[in-house]
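K.L.:
Sharing a structure below in structure tokens format, with a few things to ask.
The values are calculated or read from the model by the stated rules, or taken from the named source; none is laboratory data. This one's a predicted model, so the numbers in the text were calculated from it and none came from an experiment. Neighbour counts run over all protein chains shown; Cβ positions are idealised from the backbone, glycine included.
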Amino acid sequence: MNDKPIHSITPFTMLDFPDKLACIFWFSGCNMACPYCYNVEFLKEKGKITKEYALNFLDSRKGLLDGVVLSGGEATLYKDLISFAQSIKQRNFLLKLDTNASNPLVLEKLIYFDLLDYVSLDFKALKAKEHIFIKNFNLFDNFLKCLKLLQESKISFSVRTTLHSDILNVDDVVKMEKILRENGYEKEYFLQHFVFDKETLKELPKHDREQYKGIKNIVFTN
Ligand code: SF4
């Protein structure tokens, strides 16, 4: 078992957990390879922080933070995630999970044990394009399973998609929104434009924001 699952800690954020003051635990490792990924260090480098260190950090932040964001990388790959999440909740912190939607089994366990207060769920692509993000894996089907689990739970959650014009076109996005609505998702669907300001996993051409301008019913976050 990896005894240092966390790459780094952001000690304070007002932006990453809706209406809460939080810290972020950035997990090392991911089972996907999104071309636009800019968290390359979390993919390439091993973790440096133990769960004990992270929990001690939280003990020092009691009364100062409302919650913890588990992000990465992909936090659901951490084998000890359930007991880690239980330790966080026992300390009375709210818990948010950012996930690439590849791991409905772990999400189901986290929901079953009532460990989550908010989930940010990535909707990467339609089935026809899932191979761009991950090979030999039913990402689209797993996304739908995660969506269903969350729809049936009482947990607050939102769905988001990162846009790069070389990967998803307007037609894709319109179809993705339709799929969400057909599956009962009535809340806001968030789109974030790819921003080229860091090294990415693969070299990409310039992102063309303009082509998405006519899209309706979807919230652009940048
Ligand atoms: S952007 Fe993709 S490759 Fe990067 S951490 Fe997220 S899911 Fe993994």
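K.L.:
From T99, T76, which residue is over 16 Å from F17 (Cα atoms), of a type in the set (V, I, T) and modelled with pLDDT of 95 or more?
P.N.:
Values: T99 fails: over 16 Å from F17 (Cα atoms).
Matching residue, one of T99, T76: T76.
K.L.:
Picking from L144, L168, which residue would you name as being out of contact with any Cys (no Cβ under 7 Å at 6 or more places or on another chain), modelled with pLDDT of 95 or more and part of a helix (DSSP H, G or I)? Lay out the reasoning, then the answer.
P.N.:
Values: L168 fails: part of a helix (DSSP H, G or I).
After ruling out the rest, the residue left standing is L144.
K.L.:
A further question follows. Yes or no: segment 24-44 includes at least one residue that is part of a helix (DSSP H, G or I), among the hydroxyl-bearing types (S, T, Y) and either away from the ligand (no atom under 16 Å from the Cβ) or in contact (Cβ under 8 Å) with a residue 60 or more places away in the chain (or both). Can you show your working first?
P.N.:
Residues of segment 24-44 that are part of a helix (DSSP H, G or I), as a first pass: 40-44.
Those left that are additionally among the hydroxyl-bearing types (S, T, Y): none.
No, segment 24-44 contains no residue that is part of a helix (DSSP H, G or I), among the hydroxyl-bearing types (S, T, Y) and either away from the ligand (no atom under 16 Å from the Cβ) or in contact (Cβ under 8 Å) with a residue 60 or more places away in the chain (or both).
K.L.:
Looking at S71, S83, which is the one that is in contact (Cβ under 8 Å) with a residue 40 or more places away in the chain and among the small types (G, A, S)?
P.N.:
Working: S83 fails: in contact (Cβ under 8 Å) with a residue 40 or more places away in the chain.
Only one candidate qualifies: S71.
K.L.:
Name the residues in segment 180-222 that are outside any loop (DSSP other than H, G, I, E, B), of a type outside the set (S, T, N, Q) and over 19 Å from the mean Cα position of the chain (by Cα), would you?
P.N.:
Of all residues in segment 180-222, those outside any loop (DSSP other than H, G, I, E, B) come to 180-182, 189-193, 209-212, 219-220.
With of a type outside the set (S, T, N, Q) added as a condition, the list becomes 180-182, 189-191, 193, 209-210, 212, 219-220.
Within segment 180-222, R181, E182, R209, E210, Y212 qualify.
K.L.:
A follow-up question, please. For residues in segment 74-83 being surrounded by fewer than 21 Cβ atoms within 10 Å (Cβ to Cβ) and hydrophobic (A, V, I, L, M, F, W, C), which is nearest to the ligand (Cβ to nearest atom)? Walk me through how you get there before you give the answer.
P.N.:
So the first thing to find is which residues in segment 74-83 are surrounded by fewer than 21 Cβ atoms within 10 Å (Cβ to Cβ), and the list is 77, 79-80, 82-83.
The next check asks that each one be hydrophobic (A, V, I, L, M, F, W, C); those that pass are 77, 82.
Working: L77: 10, I82: 21 Å.
Top of the filtered list is L77.
K.L.:
Here is a further query. Exactly one condition in (1) modelled with pLDDT of 95 or more; (2) in a loop (DSSP other than H, G, I, E, B); (3) within 25 Å of L105 (Cα to Cα); (4) of a type in the set (A, V, I, L, M) is not met by L64; state its number.
P.N.:
Result: L64 fails condition (3) only.
K.L.:
Restricting the search to segment 99-121, which residues are buried (at least 18 other Cβ atoms within 10 Å of the Cβ) and of a type in the set (D, E)?
P.N.:
D117
K.L.:
Let me ask another. Specify which of the listed residues (K96, K135, K124) is within 14 Å of the ligand (Cβ to nearest atom) and surrounded by 18 or more Cβ atoms within 10 Å (Cβ to Cβ). Can you show your working first?
P.N.:
On the way: K96 fails: within 14 Å of the ligand (Cβ to nearest atom); K135 fails: surrounded by 18 or more Cβ atoms within 10 Å (Cβ to Cβ).
Result: K124 is the single residue among K96, K135, K124 that is within 14 Å of the ligand (Cβ to nearest atom) and surrounded by 18 or more Cβ atoms within 10 Å (Cβ to Cβ).
K.L.:
A further question on this structure: Among the residues of segment 107-117, are any touching a Phe, Trp or Tyr at 6+ places or on another chain (Cβ under 6 Å) and either away from the ligand (no atom under 14 Å from the Cβ) or not in a helix (DSSP H, G or I) (or both)? Lay out the reasoning, then the answer.
P.N.:
First, pick out the residues of segment 107-117 that are touching a Phe, Trp or Tyr at 6+ places or on another chain (Cβ under 6 Å): none.
No, the conditions are met nowhere in segment 107-117.
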